[in-house]
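Undergrad: The structure's right below; bear with me while I get my questions together.
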Amino acid sequence: MHRIIAAVLAAGACASSAHAQTSPPTGTAPVLSLNDALARAGATPPAQEAAAAAIRAAEAQRRVANLRPNPSIVAETENVAGSGIYQGLRSSETTVGLALPLELGGKRGARVAVASAQLSRVALDAEIARADLRLRVTQAYNEASAAERRLVIARSQVGIAAEALRAAQVRVRAGRASPLEEQRADVARIAAEGAAERAARSAEVASGNLARLLSTPVIALDMNWFDRVEGGGPPRPITGGSTLAAAAARADLSTASAQIRLARSQRVPDVTVSASARRLEQTNDVAAVFGVSIPLAVFNRGRAAMAVSTAQRDQADALRRVALLNAEQAIAQAQAEAANAATTARNASGPALAAAQEAARIARIGYREGKFGQLDLLDAERTLSDTRAAAIDALAAYHDAQARLERLTTPAPTVTEDNR
């Protein structure tokens with residue numbers, strides 16, 4: 001192996017960049033880009049349908065909160081089925097009227113405020129569902145691309161192993177090598193074929209998962225996207241307060257604050273007024289009856305409900321601060337992981353891969369010409385295979401880190417009255 005490395009250095013290898021690794025053959029199949037996949041996934045996924053239904057339910061709940069209490073029909077008959085002059089219905093008094101509850105203390109406005117806060121939270125949940133869907137699609141696309149690239153590499157390794165077996169057979173027949181070399185090359189070929197079968201199954205599963213997520217068949221992927229690594233540089237400053245997680249915590253705090261207003265309004269007792277007409281059976285006269293009903297806050301003054309709402313608001317405020325801190329920490333961690341993955345991907349796909357390719361090329365030529373032994377060839381091929389696998393893993397890790405960072409930094413929508 002040292003002779004191969006020396007030959008590589010002497011030949012001035014490392015000619016081109018990593019993207020010179022084996023690429024899938026181009027065909028006429030339509031290429032599904034990541035943007036196309038995101039657009040297809042956002043059409044009618046079950047998660048989006050659930051979010052839309054939740055918004056409709058919250059809007060209906062707000063309309064319910066804005067309704068006034070229904071009036072009641074009051075009907076009663078007095079002085080019946082008694083004794084003396086009250087026998088039968090001769091002295092009965094029948095009263096029929098309406099009773100109307102009057103909400104005091106701003107209860108209806110407080111209910112509407114709670115329902116509006118809950119609607120804003122549900123609308124934010126829909127945005128979170130969309131961001132989560134983008135993350136799932138991007139990760140599935142990345143996994144399918146990496147699996148496809150691994151399959152291409154595995155199939156190329158089968159061809160390389162078959163060529164090495166033919167070279168070993170030629171050397172053995174010519175009497176320049178031991179039959180052990182042919183057996184060793186055949187074992188390497190069998191191992192390469194097994195690896196190709198496993199890679200094919202993995203690629204089929206990854207492609208199937210993406211197709212199920214998109215509800216459409218996946219034929220070809222944009223491998224240029226998989227090979228692309230953005231240029232390095234300092235991470236752009238992102239505040240945790242603009243993220244979806246922080247916005248959700250603020251929405252929960254708004255709902256808890258509205259619950260305090262509702263609990264305070266419920267401490268004010270409602271008044272029920274009634275207006276009725278009474279008919280006196282004995283004289284056949286009719287009279288008007290007016291009434292007012294006011295509950296007495298003797299046992300339940302609403303203080304316990306206020307204490308519960310206040311504690312829940314304090315909890316929501318503490319959770320808001322925790323969510324902001326967690327969001328900023330997660331963003332910083334994701335930015336570091338994305339930057340590290342980008343560096344690893346550039347290094348693994350650049351000089352290291354070019355050197356491994358050149359070393360394997362020289363080892364193949366040298367083995368055919370009898371200058372290098374079979375162990376040198378196998379070592380060079382193994383190094384190339386490991387380097388290619390490391391490059392694919394690094395690219396997959398980079399795109400996964402970028403997807404997670406994009407999910408964390410998805411900006412929260414601006415809530416306006418029109419949105420409400």
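The values are calculated or read from the model by the stated rules, or taken from the named source; none is laboratory data. All figures in this text were calculated on a predicted structure; none of them were measured in a lab. Here the Cβ is made from the backbone with ideal geometry for all residues, glycine too, and neighbour counts use every protein chain on show.
Undergrad: Scan (1) basic (Lys, Arg); (2) in contact with an Asp or Glu (Cβ under 7 Å, 6 or more places away or on another chain); (3) without any contact (Cβ under 8 Å) to a residue 60 or more places away in the chain for the single condition ARG171 breaks and write down its number.
TA: The one condition ARG171 does not meet is (3).
Undergrad: For residues in region 250-278 being among the hydroxyl-bearing types (Ser, Thr, Tyr) and assigned to a strand (DSSP E or B), which is farthest from ALA412 (Cα to Cα)?
TA: This residue is SER276.
Undergrad: Moving on to the next point. Tell me, please, whether a residue that is at pLDDT below 85, more than 21 Å from the chain's Cα centre (by Cα), in a helix (DSSP H, G or I) and crowded, with 20+ Cβ neighbours inside 10 Å can be found in region 390-402.
TA: no
Undergrad: I'm checking my understanding of the structure. Among residues of region 220-256 that are among the basic types (Lys, Arg) and farther than 17 Å from ALA126 by Cα, which one is modelled with the highest pLDDT?
TA: The residue in question is ARG228.
Quick grid of which residues meet (1) crowded, with 21+ Cβ neighbours inside 10 Å; (2) closer than 26 Å to ASP222 by Cα; (3) among the hydroxyl-bearing types (Ser, Thr, Tyr):
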| position | (1), (2), (3) |
| --- | --- |
| ALA113 | yes, no, no |
| ARG130 | no, yes, no |
| ALA147 | yes, yes, no |
| SER156 | no, yes, yes |
| ALA162 | no, no, no |
| ALA168 | yes, no, no |
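Here's the yes/no breakdown for (1) closer than 30 Å to PRO71 by Cβ; (2) in contact (Cβ under 8 Å) with a residue 40 or more places away in the chain; (3) surrounded by fewer than 18 Cβ atoms within 10 Å (Cβ to Cβ):
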site	(1), (2), (3)
SER254	no, yes, no
ALA263	yes, yes, no
ASP285	yes, no, yes
ASN300	yes, no, yes
LEU325	no, yes, yes
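Undergrad: Just give me the residues in region 55-92 being part of a helix (DSSP H, G or I) and either in the same structural domain as ALA126 (by TED's automatic domain parsing) or surrounded by 12 or more Cβ atoms within 10 Å (Cβ to Cβ) (or both), in sequence order.
TA: Residues satisfying the conditions are ILE55, ARG56, ALA57, ALA58, GLU59, ALA60, GLN61, ARG62, ARG63, VAL64, ALA65, TYR86.
Undergrad: Right, another one. With (1) exposed (fewer than 13 other Cβ atoms within 10 Å of the Cβ); (2) modelled with pLDDT of 90 or more; (3) of a type in the set (S, T, N, Q) as the list, and THR95 as the residue in question, which single condition is left unmet?
TA: The number of the failed condition is (1).
Undergrad: So, of the residues in region 167-187 that are under 30 Å from GLU148 (Cβ atoms) and modelled with pLDDT of 85 or more, which turns out to be nearest to the chain's Cα centre (by Cα)?
TA: Only one residue fits best here, namely VAL187.
Undergrad: Considering each of ALA318, ALA311, ALA345, ALA323 in turn, give the residue that is hydrophobic (A, V, I, L, M, F, W, C), part of a helix (DSSP H, G or I), within 23 Å of the chain's Cα centre (by Cα) and closer than 30 Å to SER242 by Cβ.
TA: Exactly one residue qualifies, and that residue is ALA323.
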